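Q: Encoded as structure tokens, here's the structure I'll be asking about.
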Amino acid sequence: RFGQVAGGCGDAVDQALDGIPDELARLVRNVVVLVEEEPPEGEPDDLLGLYDGVALTERDGTMGVELPDRIFVFRGPLLDMCADEAELVEEVRITVVHEIAHHFGIDDDRLHDLGYA
């Protein structure tokens, strides 16, 4: 792992969120983005991000008040895969976009086609 990145993942997440176009960001509802050190037990060790929630395309309007959907960004695997801070920022951007796309109901196959897999 490269040096001086203790808070780098959180800063990179902030940059990624700031880079989402306003017209798209306005459509994101009740979602929190969290940085965790490692993926949960039972998930692949190299998992970079995870969406935990109900995609907008699967909601039927009868759902009452609910906890926010969660997007997790996993710092450890990102640091393991990236050679420097510039690569980390780009990989976090891709990961955040990928997980937000799941919030909109876009599956992994389509994300792969779009270059966000």
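Q: With every protein chain left in place, what is the accessible area per residue of the chain in square angstrom, probe 1.4 Å?
A: Working: 7130 Å² over 117 residues.
Value returned for the chain: 61 Å² of accessible area per residue.
Q: Per the helix-only calculation at 222 nm, which mean residue ellipticity applies to the chain, given -39500 (n - 2.57) for every DSSP H run of n ≥ 4 and division by its residues, nearest 500 deg cm²/dmol?
A: -12000 deg cm²/dmol
Q: Karplus couplings for region 31-45 from phi (6.51 cos²θ - 1.76 cosθ + 1.60, θ = phi - 60°), rounded to Hz, Gly and Pro as x?
A: Karplus-based 3J(HN,Hα) across region 31-45 equals 10, 10, 10, 10, 9, 10, 5, 9, x, x, 3, x, 9, x, 4 Hz.
Q: DSSP loop (so not H, G, I, E, B), at most 16 other Cβ within 10 Å: list which chymotrypsin sites (Phe, Trp or Tyr not before Pro) in region 47-117 pass both filters.
A: Here the sparse-neighbourhood loop sites are PHE104.
Q: Residue by residue through region 70-76, what is 3J(HN,Hα) from phi via Karplus (6.51 cos²θ - 1.76 cosθ + 1.60, θ = phi - 60°)? Round to whole Hz and write x for glycine and proline.
A: For region 70-76, the Karplus-derived couplings read 10, 10, 9, 10, 9, 4, x Hz, x marking Gly and Pro.
Q: Taking all protein chains in place and a 1.4 Å probe, what share, in percent, of the accessible surface of the chain do carbon and sulfur account for?
A: Working: 3550 of 7130 Å².
Summing carbon and sulfur atoms, their accessible area is 50 percent of the total for the chain.
Q: Computed FRET efficiency, Cβ-Cβ of ALA83 and ASP46, R0 22 Å: what is it to the nearest 0.05? If you can, show how the numbers build up before the last one.
A: On the way: r = 15 Å, r/R0 = 0.70.
After rounding to 0.05, the efficiency reads 0.90.
Q: Could you pull out every residue, at least 5 positions away or on a different chain, whose amide H is within less than 5 Å of the one on VAL35? Hs are placed 1.01 Å off N in the peptide plane, and Pro or chain starts have none.
A: Those qualifying (amide H under 5 Å, at least 5 residues apart or on another chain) are VAL73.
Q: Pairs of Cα atoms under 8 Å, at least six residues apart: use those to get the relative contact order of the chain, whole percent. If you can, show how the numbers build up before the last one.
A: Numbers: 150 pairs, mean separation 40.4, N = 117.
Across the chain, relative contact order equals 35 percent.
Q: Taking amide hydrogens as modeled 1.01 Å from N in the peptide plane, which residues meet the under 5 Å criterion relative to GLY53, leaving out close sequence neighbours?
A: For GLY53, whose amide H was placed from the backbone, the distant partners under 5 Å are ARG70.
Q: For the chain, restrict the atom set to alpha-carbon positions and state the Rg and Dmax in Å.
A: 14.5, 48
The values are calculated or read from the model by the stated rules, or taken from the named source; none is laboratory data. What you see is a predicted model; the values in this text were computed from it and never measured. FYI the Cβ positions are ideal-geometry reconstructions off the backbone, even for glycines, and counts take in every protein chain you see. These area figures cover heavy atoms from the full protein model, side chains too; ligands, DNA and RNA do not enter into them. Shrake-Rupley method; radii C 1.70, N 1.55, O 1.52, S 1.80 Å.
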